[in-house]
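Engineer: Before I ask anything, let me first share the structure, which is written out below as structure tokens.
The values are calculated or read from the model by the stated rules, or taken from the named source; none is laboratory data. None of these values were measured; they are calculated from a predicted model. Neighbour counts are summed over all protein chains in view; Cβ atoms, including those assigned to glycine, are modelled from backbone coordinates with ideal geometry. Only protein heavy atoms, including side chains, enter the accessible area calculation; ligands, DNA and RNA are left aside. Shrake-Rupley method; radii C 1.70, N 1.55, O 1.52, S 1.80 Å.
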Amino acid sequence: MNGKVLSLSRLVFLCALLCAVMLPLRAPAQEQAYSRTIEIEGIGSIHYYAQNDPLWARMVYEPRGSQSSRTMLSSGCAPTAAAIAIDRQLGAEELARLSGHTSNPTLGFRFCDCSVNEFFHYDCQGLRSPNARESFEDYLPVVIASYAAGNNDQRKRFRDDGPGTSLTLFRSLCEAYGLEYRPCSTWDEACEAMQSGCGVITSVTKGIFTSSSHYLYLAGTTGGYLYILDPFMREDYPDDTKHLLSVVEPGLVRVALEDVHRLDLYGFYAIGRQQENADGPRLLAQD
């Protein structure tokens with residue numbers, strides 16, 4: 001009898017050990033919210049979205065006919081960063097404007113638990129579409145992912161068989177939402193855009209933030225720091241061997257302004273209100 005109890009104890013221990021090894025060591029605590037409102041002192045409130053949010057992390061993010069099965073978790077940084085930038089510029093009631101720019105307005109942006117569109121809908125709960133303003137805000141990364149995968153009035157694929165998502169998605173979204181879009185060729189231009197109230201998306205290659213390529217959202221500068229919202233929510237950055245980043249909270253990091261050039265940010269894309277909209281942020285310059 002004692003032998004059986006001992007064997008059972010060993011089995012329980014081995015199972016616990018196996019789970020500990022297989023689970024991501026640096027995953028955010030389950031009880032923490034992923035997508036949420038983040039307050040940044042000196043900058044304000046920003047609706048943060050995470051591409052690895054359990055609500056959509058495993059949704060397939062592919063265009064119709066794709067032979068791949070990449071997910072929001074692995075590849076959804078572009079629609080997620082775009083969602084952060086656009087939500088900051090527009091009120092919740094304005095986000096549903098995009099519904100008039102689908103390839104089929106009658107169907108809208110249909111998604112399910114397994115896919116951002118109906119083309120990869122398998123054995124899961126039924127298809128649904130965001131229609132109320134709260135639903136659009138809640139699922140904005142998924143809606144934009146559907147748009148990027150070809151569900152837009154141009155029937156253009158910003159997401160194809162190649163790696164990543166084309167940055168031309170940002171311009172197309174701005175045109176649909178009536179926002180201004182301007183690539184910034186230098187860090188100084190990006191700073192000017194942020195200071196004027198615009199959102200700035202940037203891209204990085206292999207390094208601290210990613211093993212391939214990645215989009216980030218630059219929230220703004222204050223107190224000698226640049227604050228960055230990382231669409232891939234995590235608690236630490238093991239590849240930050242030079243200790244350039246400080247994790248304020250999972251999803252939000254900051255870096256000293258004098259160290260920004262060491263992050264290898266290689267492109268800046270500003271999104272803001274059109275100049276005639278006096279009640280919102282404005283771009284300092286046009287294309």
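Engineer: If a residue counts only when it is closer than 22 Å to residue 141 by Cα, touching a strand residue (DSSP E or B) at 6+ places or on another chain (Cβ under 6 Å) and touching a residue at least 12 places away in the same chain (Cβ under 8 Å), which strands (runs of 3 or more DSSP E) contained entirely in the range 194-261 have at least 2 such residues?
Structural biologist: Those strands (runs of 3 or more DSSP E) span 199-205, 213-222, 225-229, 252-256.
Engineer: Moving on to the next point. Name the pairs whose Cβ atoms lie under 6 Å apart, with the first residue in the range 37-64 and within 30 Å of residue 195 (Cβ to Cβ), the second among the polar types (S, T, N, Q) and open to solvent by less than 10 Å² (accessible area, probe 1.4 Å), and 6 or more positions between them or separate chains?
Structural biologist: Pairs found: 49/80; 51/80.
Engineer: Within the range 250-260, identify whether any single residue is of a type outside the set (D, E, K, R), closer than 18 Å to residue 81 by Cα, over 18 Å from the mean Cα position of the chain (by Cα) and buried (at least 16 other Cβ atoms within 10 Å of the Cβ), and answer yes or no.
Structural biologist: no
Engineer: Right, here's the next one. For the range 36-89, which residues satisfy the criterion of being part of a strand (DSSP E or B) and not hydroxyl-bearing (Ser, Thr, Tyr)?
Structural biologist: 36, 38, 39, 40, 44, 46, 47, 60
Engineer: Right, another one. All but one of (1) on the phi > 0 side of the Ramachandran plot; (2) at pLDDT 95 or above hold for residue 155; which doesn't?
Structural biologist: Every condition holds for residue 155 apart from (2).
Engineer: Suppose the filter is within 17 Å of the chain's Cα centre (by Cα) and within 17 Å of residue 261 (Cα to Cα); does residue 216 pass it?
Structural biologist: yes
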